[in-house]
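Just below is one structure, and these are the notes that go with it.
The values are calculated or read from the model by the stated rules, or taken from the named source; none is laboratory data. Since the model is a prediction, treat every value here as computed from it, not as a measurement. For neighbour counting, all protein chains shown are included, and Cβ atoms are generated from backbone atoms with ideal geometry for every residue, glycine included. Side chains are part of the model used for accessible areas, which takes the heavy atoms of the whole protein and leaves out ligands, DNA and RNA. Shrake-Rupley method; radii C 1.70, N 1.55, O 1.52, S 1.80 Å.
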Amino acid sequence: MKCPFCGKADTKVIDSRPADDNSSIRRRRQCDKCGKRFTTYEKVETIPLVVVKKDMTRELYDRSKIEKGVYKSCHKLPVPVEKIDEVIDSIEAALFNLETKEIQSNVIGEMVMDKLKDLDAVAYVRFASIYREFKDVNTFMDEIKKILDS
Ligand SMILES: [Zn+2]
């Protein structure tokens, strides 16, 4: 993003958050050269982000995939939809805050788990069990123990 003050091509993102309309990201940027700050609103769809999957294949970032995972994990739990959306928004903002063009799918998975841990313990374990592909009961129990200890 070009600096509107001095025209330098590289500016640093210092903060990203979902805008009120929820389909764009509000970014605070700072110019490395002149130090001035400015705000941009970028449509999520126009920010290219490619997800690198375990088998090294790539696909375009898709919010609905995170949504599906989180909603499934919260199924029949006393978690309000607003809370779920908040979690997804904050995951998405954190993702775009990284300002990277490619992201490993496991990094997203870890982010989701991190947020779910604070949201609901059952949702967290559900997500983790699918995501981490627990090989046996012991790894599953380890994960539960970790929650109980914290
Ligand atoms: Zn500048």
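Yes/no matrix, rows are residues, columns are (1) farther than 27 Å from Thr40 by Cα; (2) open to solvent by less than 80 Å² (accessible area, probe 1.4 Å); (3) over 15 Å from the mean Cα position of the chain (by Cα):
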| position | (1), (2), (3) |
| --- | --- |
| Gly69 | yes, yes, no |
| Pro80 | yes, yes, yes |
| Phe96 | no, yes, no |
| Val107 | no, yes, no |
| Lys117 | yes, no, no |
| Ala121 | yes, yes, yes |
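Please verify whether region 38-53 includes one or more residues that are among the polar types (S, T, N, Q), away from the ligand (no atom under 16 Å from the Cβ) and open to solvent by less than 60 Å² (accessible area, probe 1.4 Å).
No, that holds for no residue.
Just a yes or no: is a residue in region 50-69 more than 30 Å from Val122 (Cβ to Cβ) and at pLDDT below 85?
Within region 50-69, none of the residues are more than 30 Å from Val122 (Cβ to Cβ) and at pLDDT below 85.
Take the residues of region 1-27 that are surrounded by fewer than 15 Cβ atoms within 10 Å (Cβ to Cβ) and part of a strand (DSSP E or B): which is nearest to the ligand (Cβ to nearest atom)?
Filtering first and then ranking leaves Lys12.
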